[in-house]
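A.B. asks: Take a look at this one; I'll ask things after.
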Amino acid sequence: MTYRLDIIAQEAIAAADDIAVRETGCRIRDIRVLRLIDDAPGTTFAEISKVTGYDKSLTSRIIRNLISKGLIQRENSEVDARVFFLSTTTRGKEVRLTARRVSDNLDTVLTDPLSVEDLRQLDDILARLGRWVTSGDFQAALTERV
């Protein structure tokens, strides 16, 4: 099952990435980081890397790219020069809104073969699975059963 979920995600992202770049100037993974920063102004590099699961090198490249495009800005910590806080610029907020519209349209195409009830059930199932795989109980079950 995890293999099928991964393949579905990879295929959907690959198919949508060119559209995201055309409409926003950013790849889907860049938009994810932009959204996270916009949702939590003042977030740090370490927090972004942890939440996305991206390695530090990729996270750094994405952040540098977003800064160079003028979509986010960084402010150095007054306490620790190694730490900087990230926030979106006005342009970054505009790109995020465009990305939301594009994402909504892409999601509609992706889920076209599903009924409204299928979508409701899928959303519920994915939410439950998400809570489960991030829980200590899941980790314990893995240790006990494998």
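A.B. asks: Filter region 102-119 down to the residues that are in contact with a helix residue (DSSP H, G or I) (Cβ under 8 Å, 6 or more places away or on another chain), part of a helix (DSSP H, G or I) and not aliphatic (A, V, I, L, M) and list them by number.
C.D. replies: Answer for region 102-119, where residues must be in contact with a helix residue (DSSP H, G or I) (Cβ under 8 Å, 6 or more places away or on another chain), part of a helix (DSSP H, G or I) and not aliphatic (A, V, I, L, M): just Ser103.
A.B. asks: What are the residues in region 1-24 that are in contact (Cβ under 8 Å) with a residue 24 or more places away in the chain and either of a type in the set (A, V, I, L, M) or exposed (fewer than 15 other Cβ atoms within 10 Å of the Cβ) (or both), if any?
C.D. replies: Here is the first cut: in region 1-24, the ones in contact (Cβ under 8 Å) with a residue 24 or more places away in the chain are 12, 16, 19-20, 23-24.
If the condition is that a residue be in contact (Cβ under 8 Å) with a residue 24 or more places away in the chain and either of a type in the set (A, V, I, L, M) or exposed (fewer than 15 other Cβ atoms within 10 Å of the Cβ) (or both), then Ala12, Ala16, Ile19, Ala20 are the ones that fit.
A.B. asks: Moving on to the next point. Within region 75-84, take every residue that is part of a strand (DSSP E or B) and not hydrophobic (A, V, I, L, M, F, W, C) and give me the one that is nearest to the chain's Cα centre (by Cα). Steps first, answer last, please.
C.D. replies: Of region 75-84, the ones part of a strand (DSSP E or B) are 75-76, 84.
The next check asks that each one be not hydrophobic (A, V, I, L, M, F, W, C); those that pass are 75-76.
Working: Glu75: 22, Asn76: 24 Å.
For region 75-84, the residue satisfying everything is Glu75.
A.B. asks: Further question: At pLDDT 95 or above, among the aliphatic types (A, V, I, L, M) and within 15 Å of the chain's Cα centre (by Cα): which single residue out of Ile31, Ile72 fits that description? Spell out how you get there, then give the answer.
C.D. replies: Values: Ile72 fails: within 15 Å of the chain's Cα centre (by Cα).
Selected residue: Ile31, the only one of Ile31, Ile72 that is at pLDDT 95 or above, among the aliphatic types (A, V, I, L, M) and within 15 Å of the chain's Cα centre (by Cα).
A.B. asks: Taking region 86-104, which residues are β-branched (Val, Ile, Thr) and without any contact (Cβ under 8 Å) to a residue 12 or more places away in the chain?
C.D. replies: As a first pass, look at region 86-104 and keep what is β-branched (Val, Ile, Thr): 88-90, 95, 98, 102.
Of everything in region 86-104, just one residue is β-branched (Val, Ile, Thr) and without any contact (Cβ under 8 Å) to a residue 12 or more places away in the chain, namely Thr90.
A.B. asks: Could you please find all residues in region 49-62 being within 14 Å of the chain's Cα centre (by Cα) and either under 17 Å from Lys93 (Cβ atoms) or charged (D, E, K, R) (or both)? Even if it seems obvious, please write down each step before you answer.
C.D. replies: Applying the first criterion (within 14 Å of the chain's Cα centre (by Cα)) to region 49-62 yields 49-55, 58-59, 62.
Within region 49-62, Lys50, Asp55 meet the criteria.
A.B. asks: Please work out which one of (1) modelled with pLDDT of 95 or more; (2) surrounded by 10 or more Cβ atoms within 10 Å (Cβ to Cβ); (3) over 19 Å from Asp6 (Cα atoms) is the condition Ser115 fails and give its number.
C.D. replies: (2)
A.B. asks: Same structure, new question: Only one residue in Asp18, Asp38 is assigned to a helix (DSSP H, G or I) and touching a strand residue (DSSP E or B) at 6+ places or on another chain (Cβ under 6 Å), so which one is that? Please lay out each step first, then the result.
C.D. replies: Values: Asp18 fails: touching a strand residue (DSSP E or B) at 6+ places or on another chain (Cβ under 6 Å).
It is Asp38.
A.B. asks: Next question, about the same structure. Quick check, is Ser87 at pLDDT 95 or above, on the phi < 0 side of the Ramachandran plot and within 16 Å of the chain's Cα centre (by Cα)? Spell out how you get there, then give the answer.
C.D. replies: Details: at pLDDT 95 or above: yes; on the phi < 0 side of the Ramachandran plot: yes; within 16 Å of the chain's Cα centre (by Cα): yes.
In short, yes.
A.B. asks: Out of Leu66, Leu122, report the one residue that is within 25 Å of Ala14 (Cα to Cα), part of a helix (DSSP H, G or I) and under 16 Å from the mean Cα position of the chain (by Cα).
C.D. replies: Details: Leu122 fails: under 16 Å from the mean Cα position of the chain (by Cα).
Result: Leu66 is the single residue among Leu66, Leu122 that is within 25 Å of Ala14 (Cα to Cα), part of a helix (DSSP H, G or I) and under 16 Å from the mean Cα position of the chain (by Cα).
A.B. asks: Another question about this same structure. On the basis of being among the acidic types (Asp, Glu) and under 23 Å from Ala16 (Cα atoms), does Asp112 make the cut?
C.D. replies: Yes; evaluated as a whole, the condition is true for this residue.
A.B. asks: Find the residue count for region 41-63, including only residues that are closer than 22 Å to Arg100 by Cα and assigned to a strand (DSSP E or B).
C.D. replies: The qualifying residues number 1.
The values are calculated or read from the model by the stated rules, or taken from the named source; none is laboratory data. The model shown is predicted, which means the values in this text are computed figures rather than measured ones. Don't worry about glycine lacking a Cβ; one is built from the backbone with ideal geometry, like all the others, and counts go over all protein chains shown.
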